[in-house]
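What follows is one structure encoded as structure tokens, with my remarks underneath.
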Amino acid sequence: RLGALPSAAELKDPKTRLQEYLQGHGHPLPRYAVLGVSGEPHEQRFVVSCTVAALGLAAEGEGGSRRKAEQEAAQRVLEAALGG
């Protein structure tokens, strides 16, 4: 049963994994920017960009909170950086 558990790396959120990847390769940290907020205050939607200029990568994420949108954008950049 222990073998079926996810690895420690898989348990980390995408922003943390992206930061660790960039630091491990000597690159500066990503930049996040809120591109838009829509909806009523109790059900807002955020659109955020994540940019890694050193790698020429950028992606957008969307979510019900700024944090969730940043996580989605970071995941997309990480996938692009890893070639997948």
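Based on this model, can you work out whether VAL52 counts as farther than 17 Å from GLY83 by Cα, β-branched (Val, Ile, Thr) and modelled with pLDDT of 95 or more? Against the criterion (farther than 17 Å from GLY83 by Cα, β-branched (Val, Ile, Thr) and modelled with pLDDT of 95 or more), VAL52 does not qualify.
Taking the range 34-77 as the range and being in contact with a strand residue (DSSP E or B) (Cβ under 9 Å, 6 or more places away or on another chain), under 18 Å from LEU22 (Cα atoms) and in a helix (DSSP H, G or I) as the test, the residues that pass are ALA53, GLU70, GLN71, GLU72, ALA73, ALA74, GLN75, ARG76, VAL77. The C-beta contact set for the range 46-62 (first residue under 9 Å from ARG31 (Cα atoms), second residue surrounded by 19 or more Cβ atoms within 10 Å (Cβ to Cβ) and of a type outside the set (Asp, Glu), distance under 6 angstrom, 6+ apart or interchain) comprises CYS50/PRO30; CYS50/ALA59; CYS50/ALA73; CYS50/ALA74; CYS50/VAL77; VAL52/PRO30; VAL52/VAL77.
Between ARG17, ARG31, ARG67, ARG76, the distinction of being open to solvent by 40 Å² or more (accessible area, probe 1.4 Å), touching a residue at least 60 places away in the same chain (Cβ under 8 Å) and of a type in the set (Lys, Arg) belongs to ARG17 only.
The values are calculated or read from the model by the stated rules, or taken from the named source; none is laboratory data. All of these numbers come straight from a predicted model, not from anything done at the bench. Cβ coordinates were reconstructed from backbone atoms using ideal geometry, including for glycine residues, and neighbour counts include every protein chain displayed. In case anyone asks, the SASA skips ligands and DNA or RNA and just uses the protein heavy atoms, side chains included. Shrake-Rupley method; radii C 1.70, N 1.55, O 1.52, S 1.80 Å.
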